[in-house]
Amino acid sequence: MEWKNVADRLFPQGHDIVQQGDLLAGSGQRPGQVFAVVGTTGHAEVGADLALAMAAAVLDTVARHPGRPILFLIDTQGQRLCHRDEMLGLNRYMSHLGKCVEIARQRGHRVVGLVYDQALSGGFIPNAMMADLCAALPEAEIRVMNLPAMARVTRIAESRLRELSQTSPVFAPGAMNFVSMGAVDALWDGDLGAALDDATARAQAKDPRAAAGLARGGRKLAEPVIRRVADAA
């Protein structure tokens, strides 16, 4: 979906979100509060430059608008796969963005992520996945790796992976499978603004994803393992 349509549905009272290349930045008005908006568009490749720009937008919000909730609007085909960015240490730029999100959280900013089009691989891990709560539109495409690539990496036959994907969301792409695993809180449809208000009110610093995955039956071992480690500490 076009980001402008999503923004208009999220902020019918108005917004000043601006597109600069693949970067989205600005603010949106909801009843009683203003949101800082940071995001990507155009199936963006998240490279060193874009990661830095997103991090700068987050830090600018922390510095100039204490406590303002932050919304990540995400449309990405993943991290940029090029020699320049890898030689610069792209993983460190991604880590910097994730750390900036954590700084915002520690300073009292609630952080919500919304995948409105596409989210692949490392392109949404340091933003929407770092949020207190991540949601998606029903038509959004979310995956870490497609099945042919997964087959090459794991050396498990693609036919076997397709078979497994019918019963295990861990092996299956798609937004609903990420809901089952607890990584995505919910699919938003209808009144997006009301969904954003509800998500912001429920956002919490404590990570609920493992517990959600257990409750939904899509990821059954993460929460028990976390509990065992915590009990043994």
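What follows draws every value from the coordinates through simple rules; no lab data is involved. None of the values given here were measured: they were computed from a predicted structure. When we count neighbours, we look across all protein chains shown, and the Cβ atoms used for this are built from the backbone with ideal geometry, even at glycine.
Some values worked out for this structure:
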item: As computed over the stretch 150-210, the Cα convex hull volume per residue (Å³); result: 108
item: Amide H contacts under 5 Å for Gly26, placed H, 5+ residues apart; result: Val18, Val37
item: Candidate lysines - alpha carbon under 20 Å from Lys220, same-chain residues fewer than 8 apart omitted; result: Lys206
item: Computed lengthening from Leu52 to Glu163, 0.36 nm per intervening residue step minus Cα-Cα distance; result: 36.0 nm
item: Computed lengthening from Arg228 to Asp189, 0.36 nm per intervening residue step minus Cα-Cα distance; result: 10.3 nm
item: Net charge over other residues, Cβ less than 12 angstrom from the Cβ of Ala25 (K, R count +1; D, E count -1); result: -3
item: Packing rank of 151-163, 29-41, where each peptide gets the mean count of other beta carbons within 10 Å, highest leading; result: 29-41, 151-163
item: Charge dipole of the stretch 1-113 about the Cα centre (unit charges at C-beta), most positive-ward option of Ala104, Val38, Leu50; result: Ala104
item: Rel. contact order, % - alpha carbon contacts under 8 angstrom, at least six apart, the stretch 1-90; result: 26
item: Percentage relative contact order, the chain, counting C-alpha pairs under 8 Å, at least six apart; result: 15
item: From phi via Karplus (6.51, -1.76, 1.60), per-residue ³J(HN,Hα) for the stretch 184-198 in Hz, x at Gly/Pro; result: 10, 5, 6, 9, 8, 9, x, 7, 5, x, 5, 5, 5, 4, 5
item: Stretchable slack from Arg216 to Thr154, in nm (0.36 nm times residue separation minus alpha-carbon distance); result: 19.7 nm
item: Whether the stretch 1-124 is rounded, prolate or oblate, judged on the alpha carbon gyration tensor where a/c under 1.5 counts as rounded; result: oblate
item: Lys, Arg +1 and Asp, Glu -1 on Cβ, resulting dipole of the stretch 57-148 about Cα centre, debye, nearest 20; result: 420
item: Total charge dipole magnitude, the chain, about the Cα centre, Cβ charges on Lys, Arg, Asp, Glu only, Debye to nearest 20; result: 860
item: Order of His83, His65 under a 10 Å beta carbon neighbour criterion, fewest first; result: His83, His65
item: Positive-pole candidate from Gly174, Ala212, Pro224, dipole of the stretch 171-233, charges at beta carbon; result: Pro224
item: Net charge, Val225 excluded, C-beta distance under 13 Å - Lys, Arg +1, Asp, Glu -1; result: +2
item: Beta bridges per DSSP with both ends in the chain, % antiparallel, nearest 5; result: 35
item: Contact order relative to length of the stretch 44-87, as percent, for alpha carbon pairs under 8 angstrom and 6 or more apart; result: 68
item: Cα centroid separation - the stretch 157-176 against the stretch 120-135, whole Å; result: 21
item: Sum of side-chain charges, Arg107 neighbourhood, beta-carbon under 15 Å (Lys, Arg +1; Asp, Glu -1); result: +2
item: Rg [Å, one decimal], Dmax [Å, integer] - the stretch 63-124, C-alpha atoms; result: 13.5, 38
item: Antiparallel DSSP beta bridges within the stretch 1-75, percent to nearest 5; result: 75
item: Alpha-carbon centroids, the stretch 197-233 and the stretch 23-89: separation in whole Å; result: 26
item: GNM top mover of Ala53, Ala136, Ala44 - the chain, alpha-carbon springs below 10 Å; result: Ala53
